[in-house]
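K.L.:
Structure below; questions to follow.
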Amino acid sequence: MKAVIFGLIVLILAIGLELLTHDDSGYLVIGYGQWMIETTLTLAVIVLGLTFIGGYLALRFVSHIGKAPRRLGESRQRRRSSRASKMLIEGLIDIEEGNWDRAERALVKDIAYSNTPLLNYIAAARSAQNQGAYERRDHYLHLAREAVPAATFAIELIQAELQVNSGQFEEALAILNHLRTLDPRHPQPLKLLKSLYLQQRDWDQLLGLLLQLCKRRLVSKEEAHSLEVMAHVELLQEAAQSESNAALIDRWKAVPNRFRKHPKIVAAYVYALIDRNEHDLAEQLLQDTLKGNWSDELIYLYGLVQSSDLVAQLTRAEAWLSQQGDNPWLLLTLGRLAQYNGLWGKARQYLETSIAYAPRSEAYHELGKVLEEIGDSEAALECYSKGLSMATRGAVEESVKFSLPEKAREISLSGSDYTPQLTGPAP
């Protein structure tokens with residue numbers, strides 16, 4: 001198009017020249033050896049212009065011919081890049097649909113021509129992870145680091161996250177510790193460490209990490225409180241598995257003062273004390289805790305304790321009736337304590353009242369034992385039957401419940417193969 005315009009300009013100039021030289025066009029004589037060319041100036045200008053245009057077009061043609069291979073290559077590259085982008089989209093769709101194998105194949109097929117190789121490699125690594133192909137996963141992440149070295153920190157974070165999710169805790173821990181040395185203030189390694197310690201059940205490390213998580217505001221106060229309570233409960237339960245009383249006592253002493261009256265933590269320690277026949281210690285701890293911190297679980301535990309002074313224990317529990325007289329857990333505990341003291345009539349009254357407020361399998365079982373003691377075998381059998389039926393159905397009459405460790409159930413139902421599921425009401 002440019003050549004045509006240029007030609008028109010030359011022709012217009014030639015015509016203008018012809019008009020200007022119409023009266024006297026002039027002559028141009030060119031001689032070379034024996035040769036001589038004589039022509040008008042106008043014709044010479046026109047020929048010269050056409051020769052220039054022809055030369056220009058010839059040079060453009062030669063230039064286009066020379067650039068053809070490169071342009072052909074660029075066109076091929078654009079087509080391949082377009083196909084690679086299409087395969088990336090298809091791979092991401094397959095990932096969302098859970099077609100891991102097809103996604104992986106799509107993501108790596110034309111990755112050499114992709115404009116976003118980092119995205120391809122990371123998505124392919126996730127696809128391999130979901131197929132359990134951890135070696136291929138790590139290979140893709142290695143290629144991602146080679147493709148985009150500047151993204152090494154982010155890629156290692158992704159690798160640690162995938163390793164945590166696949167249970168490769170030692171490998172993930174090594175990467176996360178390395179990342180923390182590179183950037184101690186980065187929040188993501190801390191979050192992944194929290195997830196790792198929770199899955200690994202490394203409660204001591206979790207407790208040590210919580211302080212940093214709180215300082216960086218990476219967990220809310222409520223979540224930090226719940227995690228700390230859970231960690232201390234788990235550590236007490238682990239210490240309870242040890243044969244050493246010193247290990248259990250040391251673990252209890254390690255509990256911060258602000259948690260010494262938390263119902264779940266106290267309950268974990270009391271279960272261990274009962275299992276070791278340290279009933280007097282358990283009774284004193286429950287008594288002190290319940291003075292200003294009422295808890296259905298703790299009052300239930302109070303009924304599993306058989307201290308050296310059962311009369312005083314029953315008297316203390318009955319003193320709570322004035323504030324908690326309609327609490328079925330307290331009434332169940334009073335029924336048990338009355339049994340320990342051989343007060344069968346009082347035990348029957350407490351247990352029947354507990355059932356009236358909230359019937360549950362364990363209360364029926366205890367009432368059955370009392371009825372057996374007083375010689376009412378038929379009524380006892382009926383209570384056992386009702387309790388067993390409730391336990392078999394898994395009936396839950398109330399919306400609030402708490403579960404007991406198996407050891408507590410063994411303690412509460414000693415001498416019987418009957419193991420009900422305990423459920424409890426809101427006070």
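The values are calculated or read from the model by the stated rules, or taken from the named source; none is laboratory data. Values in this document were obtained by computation on a predicted structure and should not be read as measured data. In this analysis, Cβ positions are derived from the backbone assuming ideal geometry, glycine residues included, and neighbour counts consider all displayed protein chains. Protein only, heavy atoms only, side chains kept; ligands, DNA and RNA dropped before computing areas. Shrake-Rupley method; radii C 1.70, N 1.55, O 1.52, S 1.80 Å.
K.L.:
Go through (1) over 15 Å from Leu162 (Cβ atoms); (2) open to solvent by less than 80 Å² (accessible area, probe 1.4 Å); (3) within 20 Å of the chain's Cα centre (by Cα) one by one and return the number of the condition Ser127 breaks.
P.N.:
The failed condition is (1).
K.L.:
If Glu222 satisfies all but one of (1) open to solvent by 60 Å² or more (accessible area, probe 1.4 Å); (2) in a loop (DSSP other than H, G, I, E, B), what's the number of the condition it fails?
P.N.:
Status for Glu222: all satisfied but (2).
K.L.:
Any idea how many residues of the stretch 316-342 are of a type in the set (A, V, I, L, M, F, W, C) and open to solvent by 30 Å² or more (accessible area, probe 1.4 Å)?
P.N.:
Looking only at that region, the number is 3.
K.L.:
Now for a separate question. Residues that are open to solvent by less than 70 Å² (accessible area, probe 1.4 Å), among the basic types (Lys, Arg) and either modelled with pLDDT under 95 or closer than 26 Å to Ala312 by Cβ (or both): does the stretch 388-399 have at least one?
P.N.:
Within the stretch 388-399, none of the residues are open to solvent by less than 70 Å² (accessible area, probe 1.4 Å), among the basic types (Lys, Arg) and either modelled with pLDDT under 95 or closer than 26 Å to Ala312 by Cβ (or both).
K.L.:
Collect the residues in the stretch 303-315 that are more than 19 Å from Ala267 (Cα to Cα) and surrounded by 17 or more Cβ atoms within 10 Å (Cβ to Cβ), keeping them in residue-number order.
P.N.:
Leu310, Leu314 - these are the residues of the stretch 303-315 that are more than 19 Å from Ala267 (Cα to Cα) and surrounded by 17 or more Cβ atoms within 10 Å (Cβ to Cβ).
K.L.:
I would also like to ask the following. Pairs please, first residue from the stretch 100-114 and open to solvent by less than 90 Å² (accessible area, probe 1.4 Å), second anywhere and of a type in the set (Asp, Glu), Cβ atoms under 6 Å, 6+ apart in sequence or on different chains.
P.N.:
Ala103/Asp94; Ala106/Glu90
K.L.:
Scan the stretch 230-261 residue by residue and report those that are open to solvent by 60 Å² or more (accessible area, probe 1.4 Å) and either outside any helix (DSSP H, G or I) or in contact (Cβ under 8 Å) with a residue 40 or more places away in the chain (or both). Break it down into steps so the answer makes sense when it comes.
P.N.:
So in the stretch 230-261, the residues open to solvent by 60 Å² or more (accessible area, probe 1.4 Å) come out as 230, 237-238, 241, 243, 245, 249-250, 253, 257-258, 260-261.
Those that are open to solvent by 60 Å² or more (accessible area, probe 1.4 Å) and either outside any helix (DSSP H, G or I) or in contact (Cβ under 8 Å) with a residue 40 or more places away in the chain (or both): Gln237, Gln241, Glu243, Arg260, Lys261.
Table: residues versus (1) part of a helix (DSSP H, G or I); (2) open to solvent by less than 70 Å² (accessible area, probe 1.4 Å); (3) at pLDDT 70 or above; (4) not basic (Lys, Arg).
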| residue | (1), (2), (3), (4) |
| --- | --- |
| Asp23 | no, no, no, yes |
| Ile53 | yes, yes, no, yes |
| Phe61 | yes, no, no, yes |
| Arg80 | yes, no, no, no |
| Lys86 | yes, no, yes, no |
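K.L.:
Right, another one. Is there a residue in the stretch 358-378 that is aromatic (Phe, Trp, Tyr), under 19 Å from Asp296 (Cα atoms) and at pLDDT 90 or above? I'd like the intermediate steps shown before the answer.
P.N.:
Applying the first criterion (aromatic (Phe, Trp, Tyr)) to the stretch 358-378 yields 364.
Right, trim to under 19 Å from Asp296 (Cα atoms) and you get 364.
Checking the rest, the ones that are also at pLDDT 90 or above come to 364.
Yes, the stretch 358-378 contains at least one residue that is aromatic (Phe, Trp, Tyr), under 19 Å from Asp296 (Cα atoms) and at pLDDT 90 or above.
K.L.:
Residue check: is Tyr140 farther than 26 Å from Glu223 by Cβ and open to solvent by 40 Å² or more (accessible area, probe 1.4 Å)?
P.N.:
Working: farther than 26 Å from Glu223 by Cβ: yes; open to solvent by 40 Å² or more (accessible area, probe 1.4 Å): no.
So Tyr140 fails the test.
K.L.:
Across the stretch 262-278, what is the number of residues that are outside any loop (DSSP other than H, G, I, E, B) and open to solvent by 60 Å² or more (accessible area, probe 1.4 Å)?
P.N.:
Within the stretch 262-278, residues that are outside any loop (DSSP other than H, G, I, E, B) and open to solvent by 60 Å² or more (accessible area, probe 1.4 Å) number 2.
K.L.:
Count, please, the residues in the stretch 109-118 that happen to be out of contact with any Ser or Thr (no Cβ under 9 Å at 6 or more places or on another chain) and of a type outside the set (Lys, Arg).
P.N.:
Within the stretch 109-118, the subset out of contact with any Ser or Thr (no Cβ under 9 Å at 6 or more places or on another chain) is 109, 111-112, 117-118.
Okay, now just the ones that are also of a type outside the set (Lys, Arg), so 111-112, 117-118.
Looking only at that region, the number is 4.
K.L.:
Here is a follow-up. Output the residues belonging to the stretch 279-302 that are without any contact (Cβ under 8 Å) to a residue 24 or more places away in the chain, in a loop (DSSP other than H, G, I, E, B) and buried (at least 16 other Cβ atoms within 10 Å of the Cβ).
P.N.:
Scanning the stretch 279-302 gives no hits.
K.L.:
Has the stretch 346-359 got any residue that is under 41 Å from the mean Cα position of the chain (by Cα), within 28 Å of Arg276 (Cα to Cα) and open to solvent by less than 50 Å² (accessible area, probe 1.4 Å)?
P.N.:
Step one: list which residues in the stretch 346-359 are under 41 Å from the mean Cα position of the chain (by Cα), which gives 358-359.
In the following step, the residues that additionally are within 28 Å of Arg276 (Cα to Cα) were identified as none.
Taking every residue of the stretch 346-359 in turn, none turns out to be under 41 Å from the mean Cα position of the chain (by Cα), within 28 Å of Arg276 (Cα to Cα) and open to solvent by less than 50 Å² (accessible area, probe 1.4 Å).
K.L.:
Quick check: is even one residue across the stretch 178-193 closer than 17 Å to Phe259 by Cα and surrounded by 14 or more Cβ atoms within 10 Å (Cβ to Cβ)?
P.N.:
No, there is no match, as no residue in the stretch 178-193 is closer than 17 Å to Phe259 by Cα and surrounded by 14 or more Cβ atoms within 10 Å (Cβ to Cβ).
K.L.:
Follow-up. In the stretch 151-166, how many are open to solvent by 40 Å² or more (accessible area, probe 1.4 Å) and within 18 Å of Arg201 (Cα to Cα)?
P.N.:
2
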